[in-house]
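What follows is a short report on a single structure.
The values are calculated or read from the model by the stated rules, or taken from the named source; none is laboratory data. Not measured: the values here are computed from a predicted model. Cβ sites come from the backbone with ideal geometry, for glycine too, and all protein chains shown count toward neighbours.
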Amino acid sequence: MCPQTTTNKHAAEDVENQISALKTRIETQEKELTRVATAITEKSTILRSLLDQIYALEIDPGVKRVMTGTCLHLIDKEITEKRLNMELTESDSVFLSKLQKKHPNLSQRELRISVLVRLNYDTKEIARSVGITTRGMESIRYRMHHKLGLGKHESIKSYLSNLALS
């Protein structure tokens, strides 16, 4: 067997191993996505049931308003999580609310990326999470920079961190 044939066989085996590893990773991520989506749906169902029970209570209207307001806020948070396909902390939810109010022109993908940028994920990690190339992620960040109205030397990360603190 010639050396070129051996090299080609090794290269083919490497490619097959990489394909297999990627398929396994995709299956794992799909299972996790299904788990999160199911959990969010279950939470939303329970919250809606709780909301109905609160509405039926004969209690002080002020107390009822606070309780229903809390339930509606949690339901809103669950809906946002489902749209973004990620679980959000309370601070993430507050941050997203501020960001959407200030920049209603951002897409769901850009909102998800904003949360990940704020959480210190690097461009490669975000690209992998969103399912795009690193170059594609760089293009999105470039467009986001303009949508957020940032100057040439202003950092998206700094801007989002400051917005979260305000």
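Descriptive notes on the structure:
- Check on SER114, out of contact with any Cys (no Cβ under 8 Å at 6 or more places or on another chain) and farther than 30 Å from THR34 by Cβ: no
- THR123 meets each of the listed conditions (1) at pLDDT 90 or above; (2) of a type in the set (S, T, N, Q); (3) surrounded by 15 or more Cβ atoms within 10 Å (Cβ to Cβ); (4) more than 27 Å from SER44 (Cβ to Cβ) apart from (1).
- Per-region count, the range 15-45, residues closer than 21 Å to LEU88 by Cα and exposed (fewer than 13 other Cβ atoms within 10 Å of the Cβ): 11
- Single residue of the range 12-48 satisfying the filter (among the β-branched types (Val, Ile, Thr) and closer than 25 Å to THR70 by Cα) that is modelled with the highest pLDDT: ILE46
- Given (1) surrounded by 11 or more Cβ atoms within 10 Å (Cβ to Cβ); (2) under 30 Å from GLU27 (Cα atoms), index of the condition ILE156 fails: (2)
- Considering the conditions (1) in a helix (DSSP H, G or I); (2) closer than 30 Å to GLN29 by Cα; (3) not small (Gly, Ala, Ser), ARG65 is excluded by exactly one of them, (2).
- Top-ranked residue of the range 116-166 - restricted to ones that are assigned to a loop (DSSP other than H, G, I, E, B) and among the charged types (D, E, K, R), ranked as nearest to LEU88 (Cα to Cα): ASP122
- Residues of the range 126-153 classified as modelled with pLDDT under 90 and under 19 Å from GLN29 (Cβ atoms), total: 7
- Of the residues making up the range 90-106, those that are part of a loop (DSSP other than H, G, I, E, B) and either touching a Lys or Arg at 6+ places or on another chain (Cβ under 9 Å) or assigned by TED's automatic domain parsing to the domain that holds THR28 (or both) are HIS103, ASN105, LEU106.
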